[in-house]
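See structure below.
The values are calculated or read from the model by the stated rules, or taken from the named source; none is laboratory data. Just so we're clear, the structure is a prediction, and the values are computed from it rather than from any experiment. Every residue, glycine among them, receives a Cβ derived from its backbone with ideal geometry; neighbour counts consider all protein chains shown.
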Amino acid sequence: MSAAIVGVAYNRQERRNIRQNIAEMVYEVTTQALADAGLEIRDIDNVVTVSNDFWDGRTISSMAVQDACGSYEKNISTVEGDGTFGAFYGLSRILSGEYQTTLVVAHSKGSESDMSLVTNGMFDQFYVRPLGVDNLISAALQARIYMDTFGVSEEDLALVSVKNHGNALKNPKAQIAKSITVKDVMASRKLADPLKLYDVSPISDGAAAIILASEDFMRRNPQKFRPVFIRGAAFCADAYDLGLRDLARAPALKKAAERAFQMANIRSVEEIDLAELYDAFTYMELMWYEGLGFCPEGKGAEFLKSGATQIDGKLPVNASGGVLSAHTVVAAGLIRIIEACLQIRGEAGEHQVKKEVRNAIAHGINGPCGQSHCVFVLSKEA
Amino acid sequence: MITEENKQGLFFMHSGDASQPYRYTVGTWGSKFLTELRDHKQFYGIRCPKCKKVYVPVRQVCGPCFTEMTELVPVSAEGKIVSYTILRFQFLDPETGERKPIPYGYGIFRLDGADTNFQHFIAVPEDESRLFIGARVRAVFREERRGSLRDILHFELVAD
Amino acid sequence: MRAVALCLCPFEGGMMARRVAIVGSGQTYHSGGRTDVNAQEMITEAVVRALESAELTIDDIDGIVIGNMDHFEGINYVDTWSVPATGGTLKPVIKLTTGGTTGTTLAIGGYHLVASGFFSKLLVIGWEKNSESDTTAAITTAFDPIWDRLVFAGAIGGLAVEAQAYLARYNHKKEDAARVVVRDRKHGANNPYAHMQKEVTIKQVLSSPPLADPLHFLDMCPRTDGACAVIFADEYSAEKICDRPAWILGTSVRHNAAFSTDVNFDGLKTMESAARELFHKTGITDPLEQLDVIEMYLPYSYAGLIWIESLGLCKKGDGPRLVWDGVTDMGGKLPINPSGGPICANPIGATGLIRVAEAALQIQNRAEKRQVPDAKIALATGFGGCFWTDLVLLGAKKP
């Protein structure tokens, strides 16, 4: 049994989309993903939506999109978390033998809520929340520990910002695209020491959809699919309390990656042609290189400086501009999958990498300081 | 170990209250609906090009047909009761954090010209038995309207 | 995914999807306010009981699925928050949530995740600490902020209008619904985990305080704190763990409608449609004859009349006759809610999973005082959202 991604779509991410409500954004990407796959809604036999009740300010956030995702009279479920986790469950539904075609659609509108309050809600309600800790503040703690452990400088982190915002210039769907220097990053406003404005991803509105199909379905249907095969997928969570974690390392990512690579029969990093990683903050991209085994522990900055992860490097990372250039929470991981698919299909447009992309990694995170990770190995061949 | 006996003596703590502010986007069609309601006291529905159903509240997609709708059609501020109840228990209004004033009438209406229901307050007459499923009702508007469902004060029975 | 399949199967079997069974479950002692434990401790209580029932340890578990409704407790990212409660450190943890249907959504998710071959022994957890917020206010926020919230009054208001329409359509009486409460409360007296374990009379139901016409206080489920954990295993491990696994025979889900006002009050349409699919897939032609027991998500009394009609147990409008005749009582032809159902305990995010766990206990012949003798096919239902339905069919025979 096998499964592939046969349709993808995401809309332009922006700071405040007041033209469309959530359902309207979801309808747009659903119809576009169907068109991309050459399918109609009746070809879809089940749906997984991905949303978050806190970000949406709605207790059953999935309810808003039931009409818009075409789930009427279909088997549907909802994952709360990053879009990669939704894609994983959508994949399981096909591999279970119950379904042939899964639509996975994720949305969020960061502009409608208060990031600090929403992410303060992730923390222990008795001991941590009263301190006002949120996503940004906890990330600053992690950045500090990472830098201290491995001797990484703020300038090193800034290089990630320079690379990804530069890549975003070629991606019309990114929100923040600019040509900047390390100096610009260093001079940007301090938000939570050592993190500055350009180290931090923006708040965004957006939606994304993918269509997964079984091997059987593709065989039975004559459409000329451009399938991207899922050869490995795994997720893993670290401990909850920040004090119980080794914040300078990402053991959960390491474990998820090992499992996904094992499934995909990936034996060496050399086999990976491209990666789209969840770089919510500059330092995270370096840490995720290490967790994924792209380079030894603590050597993320060196790996970046080697040029390997530049758009023309041997392992381009976030050719799309990454999460630093547009951070639609919940949809962001699904967008990583979509960008990896487009690169494999050779359809990424202006930010298409020059080299042939046969195997690509897409990655998503959940919880504070990358507590939980999901890793996909996507390939041109089954 | 907490047992039934010593439980009484313990002071169990809780975390305190929390609240979250939101700025919801009404969307393309909803914005038109609320503008018309505010400026002209006029209800609108939206018609599915496929099944011809007229939806109130308005929205972009007909769920059963998975078809985009673009045709706004005026519907009446009058209709009939599909079902109703009178709320008699105390609960918090999540919009305000205040206790909802009870008792209040909660009505599901079918406005003339619409194929789905619209819900709002129903004014409860002194003789509650005058409320029944199928009874005719009409919207009562506020003098000062700001473009929300609160522009409608409530629905009331159409005097026979 | 050839490579995946090869590596995914370090256990046994080939590349095919696997059959899946429930091999153990655990519940908390549900109550109106578990102030003796915080939410994480409450979850641990259910997890420990589930592991004990299957004679497994947390090290045997290769993945965790958890769910609740965020705004009842105000905790965001419950999957990562729950890790200390479940022993999930360095394990895969995923959250599913769909409102009232969360519990059945979790069970159905557990089934798919194991059937896919990704997991062989999966811990599935539903929980809610409803005492930590105003339940009606929190449910009201499930509905559209622009169109629904101004007047919507949570589950009680939303269900009262269904009941009112039903009474008007068939000229039935409030006593008919009260008879459902009498049944479930009587059954609940056999369930040591139930929040409500005292019987009530029809007179008591009708003289309890009016909430929203025609509903009285005792027509509604209580507000409950509780958790439930269920262990799903694949076909290669299920029979090694226990001698009588409860096999998943089929599932179906309908979450139609995004606005509460799109729902017609002429039976539960999503139940009709979900039942059609499930019964077709599993060869059930006459549910009243073929099913041995039902654990039904009945958040209020009238559902015990209307929704059994929608399920196809009888003609429309005949629900009361079936209930008065004792068909759905313990000892009847098709007992409904031997556990007492949600009328006796409704920790919302756990409720649907409790239905599945109780149905599995019936198949496993472990339901003790609430056991339906020789139950071989059991149905569990979930309800939530805009009158949405989930169904899970379990059986003693390996499918």
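Condition check ((1) aliphatic (A, V, I, L, M); (2) touching a Leu at 6+ places or on another chain (Cβ under 9 Å); (3) farther than 23 Å from C:Thr105 by Cα; (4) crowded, with 23+ Cβ neighbours inside 10 Å) across all residues:
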site: C:Ala194; (1), (2), (3), (4): yes, no, no, yes
site: C:Glu199; (1), (2), (3), (4): no, no, yes, no
site: C:Leu211; (1), (2), (3), (4): yes, yes, yes, yes
site: C:Val253; (1), (2), (3), (4): yes, yes, no, yes
site: C:Lys281; (1), (2), (3), (4): no, yes, no, no
- [ ] Pull up segment A:99-129, narrow it to residues that are out of contact with any Asp or Glu (no Cβ under 9 Å at 6 or more places or on another chain) and facing chain C (nearest Cβ under 10 Å), then point me to the one that is modelled with the lowest pLDDT.
- [x] A:Phe126
Open item on the list: Restricting to segment A:62-111, give me the number of residues that are touching a Phe, Trp or Tyr at 6+ places or on another chain (Cβ under 6 Å) and surrounded by fewer than 24 Cβ atoms within 10 Å (Cβ to Cβ).
Closed with: 1
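Considering only residues of segment C:203-233 that are part of a strand (DSSP E or B) and more than 30 Å from C:Ile58 (Cα to Cα), which is nearest to the chain's Cα centre (by Cα)?
Taking the candidates together, the pick is C:Met220.
Per-residue answers, yes or no, for (1) modelled with pLDDT of 95 or more; (2) more than 21 Å from the chain's Cα centre (by Cα):
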residue: C:Phe265; (1), (2): no, yes
residue: C:Ser273; (1), (2): yes, no
residue: C:Arg276; (1), (2): yes, no
residue: C:His280; (1), (2): yes, yes
residue: C:Thr285; (1), (2): yes, yes
residue: C:Glu289; (1), (2): yes, yes
Open item on the list: Being within 12 Å of chain A (Cβ to nearest Cβ), closer than 24 Å to C:Arg254 by Cα and in contact (Cβ under 8 Å) with a residue 12 or more places away in the chain narrows it down to one residue among C:Phe143, C:Phe118; which is it?
Closed with: C:Phe143
Open item on the list: Only one of B:Tyr44, B:Tyr84 is buried (at least 16 other Cβ atoms within 10 Å of the Cβ), outside any loop (DSSP other than H, G, I, E, B) and either on the phi > 0 side of the Ramachandran plot or within 9 Å of another protein chain (Cβ to nearest Cβ) (or both). Can you tell me which?
Closed with: B:Tyr84
TODO: Please state which one of C:Gly304, C:Gly319 is closer than 18 Å to C:Gly341 by Cα, in contact with a strand residue (DSSP E or B) (Cβ under 8 Å, 6 or more places away or on another chain) and small (Gly, Ala, Ser).
DONE: C:Gly304
Open item on the list: If C:Ala233 meets every condition in (1) within 14 Å of another protein chain (Cβ to nearest Cβ); (2) buried (at least 24 other Cβ atoms within 10 Å of the Cβ) apart from one, which number is that one?
Closed with: (1)
Task: Of all residues making up segment B:20-34, the number that are under 23 Å from A:Asn120 (Cβ atoms) and either hydrophobic (A, V, I, L, M, F, W, C) or touching a residue at least 40 places away in the same chain (Cβ under 8 Å) (or both) - done: 0
TODO: Looking only at segment A:239-259, count how many residues are more than 10 Å from chain C (Cβ to nearest Cβ) and not in a helix (DSSP H, G or I).
DONE: 5
Open item on the list: Of the conditions (1) within 9 Å of another protein chain (Cβ to nearest Cβ); (2) closer than 21 Å to A:Ala326 by Cβ; (3) modelled with pLDDT of 95 or more, A:Val8 satisfies every one except a single condition; which number is it?
Closed with: (1)
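Would you kindly identify the strands (runs of 3 or more DSSP E) lying entirely within segment A:123-238 that contain at least 3 residues that are within 25 Å of A:Glu356 (Cα to Cα) and in contact with a Gly (Cβ under 8 Å, 6 or more places away or on another chain)? Spell out how you get there, then give the answer.
Values: elements: A:190-192, A:205-214, A:228-237.
Answer list for segment A:123-238: A:205-214.
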Open item on the list: Test of understanding: among C:Gly109, C:Gly126, C:Gly103, which residue is in a helix (DSSP H, G or I), under 21 Å from C:Val23 (Cα atoms), more than 11 Å from chain A (Cβ to nearest Cβ) and in contact (Cβ under 8 Å) with a residue 12 or more places away in the chain?
Closed with: C:Gly103
TODO: Report, by residue number, each residue of segment C:281-312 that is closer than 25 Å to C:Leu167 by Cα and hydroxyl-bearing (Ser, Thr, Tyr).
DONE: C:Tyr297, C:Tyr300, C:Ser301, C:Tyr302, C:Ser310
Task: Extreme residue, nearest to A:Lys163 (Cα to Cα), among residues of segment A:283-320 that are part of a helix (DSSP H, G or I) and hydrophobic (A, V, I, L, M, F, W, C) - done: A:Leu304
TODO: Any residue in segment C:38-57 that's in the same structural domain as C:Ala360 (by TED's automatic domain parsing): show its pairings with residues that are of a type in the set (A, V, I, L, M, F, W, C) at Cβ separation under 6 Å, as long as the two are six or more apart or on different chains.
DONE: none
Task: helices (runs of 4 or more DSSP H) enclosed by segment C:266-335 - at least 2 residues per element that are over 13 Å from C:Leu379 (Cβ atoms) and among the basic types (Lys, Arg) - done: C:269-282
TODO: Would you kindly identify the strands (runs of 3 or more DSSP E) lying entirely within segment B:95-160 that contain at least 2 residues that are basic (Lys, Arg)?
DONE: B:136-141
Task: Candidate set: segment B:94-109, residues that are among the hydroxyl-bearing types (Ser, Thr, Tyr) and farther than 20 Å from C:Phe259 by Cα; chosen: the one farthest from the other protein chains (Cβ to nearest Cβ) - done: B:Thr96
Open item on the list: Just the residues that are within 8 Å of another protein chain (Cβ to nearest Cβ) and either closer than 17 Å to A:Ala237 by Cα or not in a helix (DSSP H, G or I) (or both), please, taken from segment A:79-94.
Closed with: A:Val79, A:Glu80, A:Gly81, A:Phe85, A:Phe88, A:Tyr89
Open item on the list: What's the total number of residues in segment C:155-177 that are touching an Asp or Glu at 6+ places or on another chain (Cβ under 9 Å), of a type in the set (Gly, Ala, Ser) and facing another protein chain (nearest Cβ under 7 Å)?
Closed with: 2
